[in-house]
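Notes to accompany the following structure.
The values are calculated or read from the model by the stated rules, or taken from the named source; none is laboratory data. These numbers were taken from a predicted model, which means no experiment stands behind them. So basically every Cβ, Gly included, is an ideal-geometry build from the backbone, and we count neighbours across all protein chains shown.
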Amino acid sequence: MTNEEKLPSEPETIKELEELIAKLEKEKEEYLSGWKRAKVDLLNYQKEMEEKIKNIINFANANIVLDLTAVLDSLDLAVNSLSDEDREKNLGKGYILIQNQILDILKKYGLEVIDPQKEKFNPNFHEAIATKKCEKENCQEDDDNLIIEVYSRGYLLNGKLLRPAKVKVIVH
């Protein structure tokens, strides 16, 4: 080694190495922070996709279920139009059996019936298509918005309103 090739002094070398270490530590922290953010973003994306897939599965049959509610309405009309005598005969029992079978199948797919007999009107689940003045002498607030007739039942599919019940309510 010649005199011209001087090695840096020990304090200079230590200082350079400490600066290099600090620079590398900073880079490491930036990369680690970026990786953590990317991991959180990926986990959030996976949760969002799972939720979307769950909704697609739960409501994939919504249109066919809604179409079948029209068949249930027709069966309701048929059953309600039967006389007591006809209900005892096989014809009436057949209608009721078919109606119950269809309802049981649809319930397996998440259908819930809204049949608000003698309940208070709730615009989230009921559609008032007719009203009737209270005919009692002492009409009270409890009588107001009471459902007195159900024209067609409503339905929920997996907890979401598929079709509101069509009802008649009492008003003051």
Worksheet item: What is the number of the single condition among (1) of a type in the set (D, E); (2) modelled with pLDDT of 90 or more; (3) under 17 Å from A165 (Cα atoms) that E50 does not meet?
Response: (3)
Practice prompt. Among residues belonging to region 89-111 that are more than 27 Å from N158 (Cβ to Cβ) and basic (K, R), point out the one that is surrounded by the fewest Cβ atoms within 10 Å (Cβ to Cβ).
Written response: K89
Worksheet item: What are the residue pairs meeting all of these: first residue in region 103-117, first residue free of Cβ contacts under 8 Å to residues at least 24 places away in the same chain, second residue surrounded by 14 or more Cβ atoms within 10 Å (Cβ to Cβ), Cβ atoms under 8 Å, and 6 or more apart or on different chains?
Response: none
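Would you pick out the residues in region 119-159 that are part of a loop (DSSP other than H, G, I, E, B), acidic (D, E) and modelled with pLDDT of 90 or more?
E119 - this is the single residue of region 119-159 that is part of a loop (DSSP other than H, G, I, E, B), acidic (D, E) and modelled with pLDDT of 90 or more.
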Worksheet item: Is there a residue in region 88-111 that is under 30 Å from D144 (Cβ atoms) and modelled with pLDDT of 90 or more?
Response: no
Item to complete: Determine whether E135 is charged (D, E, K, R), closer than 13 Å to L156 by Cα and free of Cβ contacts under 8 Å to residues at least 60 places away in the same chain.
Response: no
